[in-house]
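Working notes for the structure below.
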Amino acid sequence: MATAAVLLLVVGIFSYLMTPNLIERWLATNLQQEYGLAREPEVEVSSSFPPELLLGRVDRIQVHMDRMVQEGVLLRDVRMDLRGVDSSLPSLLRGDLEGENRTAFLRAEVPEASINEYLQRHGLELGSGEIEIRPDEVDYRRVDPISGSPASASLDVRVGGPHTVEVIPKRVTVAGVALPSSLRGLLSYGSLKLNLGELPFGTKLQSVELSQDALIVRAAK
């Protein structure tokens, strides 16, 4: 009896230690396939009552992806935090993370190089030029197609919708002369909407911040 009890205890401890790792690896594989990632993301699961992990039940999942692409826009250093997850082992095996009573948070960087590629690919209102992002300001520079003179615009960046970032010129200068707002639209200095598509786990954009050579977007559900 004592030997059987010890054996059960050892098996229980081993299962308790290994179950989170097995769940994390399974979820990482599913997420890699779902989002077409080059490598598996880092996944960490936890439970407010750890013994429930033996049943495959978790209530918090944290995910880190080096990079992912949304609607042709690169997101790097993507971090997701799913809380209040009510997910059982069968749903995890199905790759279903849409548990009830869940909140989700997402943070990611959108590098300026990817934004400039998006501009050139879609030929949007701001035309063919380049955006430069600094912690305190976003600038756009190009050669004005009408005058042939160097032009620049100081840009305001904000959330334009659940999945879009809106970029609006605040101050436009052509050949050193500031343009009145009435001329900006006529000279193709209108606003730009950067579409990030459906974000993971139903999150919607909440804020956009400036960083060095990148925008930091935050989303939540």
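Do you know which of the residues in the range 201-221 that are in contact with a Pro (Cβ under 8 Å, 6 or more places away or on another chain) and not in a strand (DSSP E or B) is surrounded by the fewest Cβ atoms within 10 Å (Cβ to Cβ)?
Q212
Would you check if there is a residue in the range 146-157 being surrounded by 16 or more Cβ atoms within 10 Å (Cβ to Cβ), within 16 Å of the chain's Cα centre (by Cα) and at pLDDT below 90?
no
Of all residues in the range 196-214, which are of a type outside the set (G, A, S) and over 12 Å from the mean Cα position of the chain (by Cα)? Steps first, answer last, please.
At the first step, the residues of the range 196-214 found to be of a type outside the set (G, A, S) are 196, 198-201, 203-206, 208-210, 212-213.
Hits for the range 196-214 are E209, L210, Q212, D213.
Looking at the range 185-198, is at least one residue modelled with pLDDT of 90 or more, exposed (fewer than 14 other Cβ atoms within 10 Å of the Cβ) and either farther than 30 Å from T103 by Cβ or not aliphatic (A, V, I, L, M) (or both)?
yes
Within the range 52-78, take every residue that is surrounded by fewer than 16 Cβ atoms within 10 Å (Cβ to Cβ) and in contact with a helix residue (DSSP H, G or I) (Cβ under 7 Å, 6 or more places away or on another chain) and give me the one that is modelled with the highest pLDDT.
Once the filter is applied, the top-ranked residue is G72.
How do the pairs read when you match residues in the range 125-139 that are at pLDDT 90 or above and of a type in the set (K, R) with residues anywhere that are surrounded by fewer than 13 Cβ atoms within 10 Å (Cβ to Cβ) and assigned to a strand (DSSP E or B), using Cβ under 8 Å and keeping only pairs 6 or more apart or on different chains?
none
Name the single residue, out of those in the range 79-103 being of a type in the set (S, T, Y) and not in a helix (DSSP H, G or I), that is modelled with the highest pLDDT.
T103
The values are calculated or read from the model by the stated rules, or taken from the named source; none is laboratory data. Here the structure is a predicted model, which is why all the values come from computation and not from measurement. For neighbour counting, all protein chains shown are included, and Cβ atoms are generated from backbone atoms with ideal geometry for every residue, glycine included.
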